[in-house]
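Data block below; observations after.
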Amino acid sequence: MTSGSTWHQAPSSDMNSGIHPRAGQDILYISSENTDAQQVAQSWTNIEGFFGECTITGTSEHVSEPNLKSKLFSSALGPSTLKPYYYKARHPVHQKDITLSTLVTRNRFPVLGRLASHYKGPISAAIHINDDATKDQVMKELDGLFDTNPDVRQYVDVHLIIDPFDRQFNLWRNVAKLYARTDYIMMLDVDFYLCTDFRHRVLSNPSVLAKLDAGRTALVVPAFEYLLQDDGLDASTFPTHKTDLIQQVQQDRIDMFHKSWLNGHGATNYSHWYTSSDLYKVTDYNFSYEPYVIFKKDGAPWCDERFIGYGANKAACLYEIYLAGLEYWVLPDDFLIHQTHSYPEDTRRKERQYNRKLYSNFREELCLRYSRKYMATGEWDTARSDNLKTECQKIRGYRSAV
């Protein structure tokens, strides 16, 4: 935002209810009070049908909302109808807070309701609705969720994505992140139960907040799952203290999430976590690592939207975060547990085959791109490039290319 710019609130008949006007209209816009002819002023509004306005030396150029959004999400399948803040949380949002950034489909509406009632903090939910004959019924179900659950009305910002394209997970993640209204976000799958109060533990710790504010740290909350699916159905029975969790681990009832795919969460170093009482750094990173993390929203990379369907989509997000110079640090007393549900394994298997090939090329592309960036910005010999140098040298031909 330019110097001298201020936020203004646009009039809306729904402002008192806390519900967004439901017409894709933004409730906030920026105007500039700086009259310097050399100053570029940006105004984000679509009250008159425009999403953005750029004023330069006294002239105005308008960018239509569909055109701007097509650029924002140009790597995804489209077109999509995006309605940010279709529902807007009534509870005041404090900037120094942690927003749960999540994506939700129709069959997870009840889970979103339970999450809102449990967390009682800001949630930015990207909700995908298929643009087909089921759309009206799904909208009624969503409205029913807000009508019946006061915690959803209080804490959840809903951003609708309406199109015929299933499983564009990274696009949905980017939408949820883009419209989160706090300094920090947690990229979370809605099926996970928050067993501990990491939110207040982090926000009340000045040293941890300082690490987040520096923009070089992502905090890992270890994830677990029950070995018997039936044990993971009722979240009210889940342990809420580390000692109780470890006892169930020792009883072979619960273990790290997706233990059969060790690369996904193994770098968290669960054996160390069981005995640790201090924040510790992930030192055995691998490119398949996909923990659930808390990080500063501004300055963090976006998820690559070319990954569509199951397989590597979240790992690609975390990989770019890592190459961008963020370190993963594990919270010693907090944890999540997966709530059991069925998986469409046939669909997953086919999509994983495609995304495995895409991810291999993506990692090589990213290593070269970030190498160019660090060299051009003078950061090649700084600590920011350490993750890249360690990880990218594993790629055949990288050294000679650099």
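Quick notes on this one:
- Inter-probe distance in nm under a simple model that places probes 7 Å from Cα toward Cβ, at Asp197 and Trp261: 3.4
- Rounded FRET efficiency, nearest 0.05, which uses the C-beta distance separating Val402 from Tyr354 and R0 of 25 Å: 0.30
- Residues Thr268, Thr182 arranged by fewest to most Cβ contacts within 10 Å: Thr182, Thr268
- Computed over segment 216-323, the P(r) tail beyond 23 angstrom holds 36 percent of alpha carbon pairs.
- Residue pairs exceeding 27 angstrom between C-alpha atoms, taken from Lys177/Lys242; Lys211/Lys357; Lys96/Lys135; Lys314/Lys394; Lys69/Lys394: Lys177/Lys242; Lys211/Lys357; Lys96/Lys135; Lys69/Lys394.
- Shown for segment 334-402 is the translational diffusion coefficient from the Stokes-Einstein equation, using the Kirkwood radius over Cα pairs, a temperature of 10 °C and a viscosity of 1.306 mPa s: 107 µm²/s.
- At R0 = 30 Å, FRET efficiency that the Cβ-Cβ distance of His94 and His272 yields, to 0.05: 0.35
- Using a Förster distance of 35 Å, the FRET efficiency for Asp333-Glu379 (Cβ separation, nearest 0.05): 0.55
- Under 5 Å, built H, 5+ apart or other chain: amide partners of Glu327: Thr217, Ala218
- Inter-site label distance for Leu209 and Lys140 at 7 Å from Cα along Cβ, in nm: 4.7
- Evaluated over segment 144-257, the Cα radius of gyration and Dmax, each in Å: 17.3, 46
- Kirkwood analysis of the Cα pair distances in segment 77-190 returns a hydrodynamic radius of 13.9 Å.
- Part-to-part distance (alpha-carbon centres) for segment 328-402 and segment 69-130, which is given in Å: 25
Laboratory data are not the source of any read-out in this text; all were calculated from the coordinates shown. Please read these numbers as outputs of a predicted model, since none were measured by experiment. All Cβ positions, even for glycine, are placed from backbone atoms using ideal geometry, and neighbour counts span all protein chains on display.
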